[in-house]
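Presented below is the structure to which this report refers.
The values are calculated or read from the model by the stated rules, or taken from the named source; none is laboratory data. In this text the structure is predicted, and so the values were computed from the model without any measurement. Methodologically, a virtual Cβ is constructed for each residue, glycine included, from the backbone with ideal geometry; neighbour enumeration extends over all protein chains shown.
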Amino acid sequence: MQQNKALFFGIIGLAVLIVAALIAARFFLADKIELPTLAEKVSIRVVVAPAIETWARQAAGAFNQKNPNTQVEIIRADGLIPEVQFRADPQNPPAAWLAEATFMVELARNRGLSFQDAQSVASSGLAWGAFKAKQDEFNQKYGGLNWTGLYAKATSPEDNLNFVIASPGNSAEGLAALISATAAHLNKDSLSGSDVSQADAWLSELFNINAKTPATPADNFATMRVSAGEAGLLTLASWRRVRLTENPDFVTSPAQPPVSLDYPLAVFSQASPAAQQAAIAFRAFLLDAGQQNSLNTVFLDPANTASPGVQADGDAVQRLLDLAGRVLP
């Protein structure tokens, strides 16, 4: 009996010593022991504006290689506001939207889509572009290419005006031109729906008949030269893409008031918490120096390079979109 008791207590004592040793090892060697973790695998979709799709797709490939437990699929946005893509599958919606501009996210919110934490990952400011002879003419008569001069030329019985913007119906670039014009007329750096209503008559008079919205505005200037229009207001990225910024006979100048396409990646509020965290991790990767330096492949500048310029709420953008439908071809 005594022998059995001794054996029993010996086993108990040995077990206690083993447990104590493990606890001590964990405490003293915690920084040296790699404990296995169970990582949750997450796959998300990110809806991306066409102008930045190539860059985002390349970045997603690099991100996926480095993060096997978090996979990102890039989907091209199917419209100005990709409402259908975010509403088609409520149980598994896309995790984020890489939009062209913050004011587009505001427009989406105005239509009932809920986004949060929108942060810029690239940028391109609006810039006037004109061939030197036309630029000199605007300089002499109107003190440069500006909205006041364009309106004076548009309403002069002696002059005709023919200027170009991107179509506001399918691009943030075109809406940005309308935002700049409205802000110039009202001398404001932020716009609401009531501001647009106040400027409606002035905008209609300026843009009706005088403005063109061709499908490929920058390309038209590159191939048709002066016959494409007296001047154009597009993003600097658009002028770069067709290499007009390298043409000594072509002059670009920042729009005043400035408006920037700031390409925010906005997290979709109805995505799961895990999907939202994955989207935030992908955005952090996009802001890495290596990815930012490669933005020049799509003619864009790094995040927050361009002046943020005029801000517009969702109601203002919707009213400008409605106005464009009435007065532009």
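Points to keep in mind about this one:
- Within segment 260-279, the set of residues being under 15 Å from the mean Cα position of the chain (by Cα) and either surrounded by fewer than 22 Cβ atoms within 10 Å (Cβ to Cβ) or on the phi < 0 side of the Ramachandran plot (or both) comprises Ser260, Leu261, Asp262, Pro264, Leu265, Ala266, Val267, Phe268, Ala279.
- Only residues that are within 25 Å of the chain's Cα centre (by Cα) and of a type in the set (Ser, Thr, Tyr) were counted across segment 200-224, and they come to 2.
- For segment 280-298, the criterion of a residue being surrounded by fewer than 18 Cβ atoms within 10 Å (Cβ to Cβ), polar (S, T, N, Q) and under 30 Å from Gln91 (Cα atoms) is satisfied by no position.
- Residue check, Ser197 at pLDDT 95 or above, within 29 Å of the chain's Cα centre (by Cα), among the hydroxyl-bearing types (Ser, Thr, Tyr) and surrounded by 14 or more Cβ atoms within 10 Å (Cβ to Cβ): no
- Evaluation of Asp322 against (1) at pLDDT 95 or above; (2) not assigned by TED's automatic domain parsing to the domain that holds Leu236 (one fails), failing number: (2)
- If you go through segment 60-89 and keep only what is among the aliphatic types (A, V, I, L, M), free of Cβ contacts under 8 Å to residues at least 60 places away in the same chain and in a strand (DSSP E or B), you end up with Ile74, Ile75.
- For the condition in contact with a helix residue (DSSP H, G or I) (Cβ under 6 Å, 6 or more places away or on another chain), of a type in the set (Val, Ile, Thr) and in contact (Cβ under 8 Å) with a residue 12 or more places away in the chain, Thr252 qualifies.
- Any pair with Cβ under 8 angstrom, 6 or more apart, that starts in segment 213-230 at a residue that is assigned by TED's automatic domain parsing to the domain that holds Ser171 and buried (at least 18 other Cβ atoms within 10 Å of the Cβ) and ends at one that is among the basic types (Lys, Arg) and part of a helix (DSSP H, G or I): Ala218/Arg241; Glu230/Lys134
- Tally of residues being crowded, with 16+ Cβ neighbours inside 10 Å and polar (S, T, N, Q) across segment 109-146: 7
- Residue match in segment 196-209 (condition: in contact with a strand residue (DSSP E or B) (Cβ under 6 Å, 6 or more places away or on another chain) and of a type in the set (A, V, I, L, M)): no
- Among the residues making up segment 38-59, those that are in contact (Cβ under 8 Å) with a residue 24 or more places away in the chain and not β-branched (Val, Ile, Thr) are Ala39, Glu40, Lys41, Ser43, Arg45, Ala49, Pro50, Ala51, Trp55, Ala56, Gln58, Ala59.
- Qualifying residue in segment 287-307 (condition: over 16 Å from Ala118 (Cβ atoms), among the aromatic types (Phe, Trp, Tyr) and under 19 Å from the mean Cα position of the chain (by Cα)): yes
- Looking across segment 225-244 at every residue that is part of a loop (DSSP other than H, G, I, E, B) and not small (Gly, Ala, Ser), the one that is modelled with the lowest pLDDT is identified as Glu230.
- Residues in segment 299-323 that are surrounded by fewer than 22 Cβ atoms within 10 Å (Cβ to Cβ) and assigned to a helix (DSSP H, G or I): 6 in all.
- In summary, Ala306 fulfils each of the numbered conditions (1) modelled with pLDDT of 95 or more; (2) among the hydrophobic types (A, V, I, L, M, F, W, C); (3) within 22 Å of Met104 (Cβ to Cβ) with the single exception of condition (1).
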